[in-house]
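Everything below concerns the one structure shown next.
Just so it is clear, none of the values below were taken in a lab; they were calculated from the coordinates. Here the structure is a predicted model, which is why all the values come from computation and not from measurement. Cβ coordinates were reconstructed from backbone atoms using ideal geometry, including for glycine residues, and neighbour counts include every protein chain displayed.
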Amino acid sequence: MAQHSTHPGGASRVRRQALLGTVVLVVLVALAGLAAYLTRDSRSPSEAPAPPSSSPTASSSAVPAGPPTSGTRSGALPVPPKTSDPIEFGKAAAVALWSYDTRAYSQTELRTALRGWLTREAKYADPASVDKVVPSPVLWKEMAANGQFATATVNEGHFPNAFTRALQEDPGAITQAYVYAVTVSGKQSIAWKGSPAGGAESRSTTLAVQCRPDHPCALVGVLPAVAP
């Protein structure tokens, strides 16, 4: 949980969270019927991109956190895929965020690996929103005592309706940060010692994904609410 801090890093963390909040407004403001978002005054209309051609249709296969495989691999730390498609990246990021294996690595190792998915542009990256997804050290210790692990599958990923409408109304607004909102739904399966077939739970999340032209996509952060 974010807390007030008297350390110098506290101010920069607040600024990063505020910037992620701007991305959230891409969705929330559009839901209110407004089209202006994402530093529209600094855009270049001639560079306005069309939304990526990826189809947000449902897929029954698992999307791994890394190179394509038939599903998530227990014991492997998540590695970001090299793709320029925000939806495909968002699917892989969701799997990475919903998966863990207390038998194979530490809480710190997982948190470090997930931070490796973040954009290198510090003014946009929100590591606090990623850290929040990782179980706390105390909880991790309890989970590790039971050998708990989780795998995930993705059913579908898409641009939220409000984001798509706002982008259609003002396509040039995205050309400074190239940050896309991506909503992903799927399932998380949890198991532990003595219960290799644990329960499965439906999961949904909306992520902010940066995909600059000619650069692989990177994670900006996890939005605090799911956008349809």
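Between K123 and E169, the FRET efficiency estimated from the beta carbon spacing at R0 = 30 angstrom works out to 0.75. Would you give the gap between the C-alpha center of region 74-95 and the C-alpha center of region 153-228, rounded to a whole Å? What the calculation gives is 11 Å, centre to centre.
Classified by the C-alpha gyration tensor, region 136-228 has a prolate form. Its axis ratio a/c, with a ≥ b ≥ c, is 1.5 or above, and a/b is larger than b/c.
For the pair N161 and N146, label points projected 7 Å from Cα toward Cβ lie 3.8 nm apart. Where the alpha-carbon atoms of region 67-203 are placed on the principal axes, they occupy 54, 30, 24 Å, in descending order. Taking square-rooted eigenvalues a ≥ b ≥ c of the alpha carbon gyration tensor, is region 87-149 rounded, prolate or oblate, where a/c under 1.5 means rounded and, failing that, a/b exceeding b/c means prolate? Here region 87-149 falls in the prolate category. Ranked by the mean number of other Cβ atoms within 10 Å per residue, highest first, peptides 87-93, 186-192 order as 87-93, 186-192. Gain on full extension, evaluated as 0.36 nm per residue between A200 and A76 minus their Cα-Cα distance, stands at 42.6 nm.
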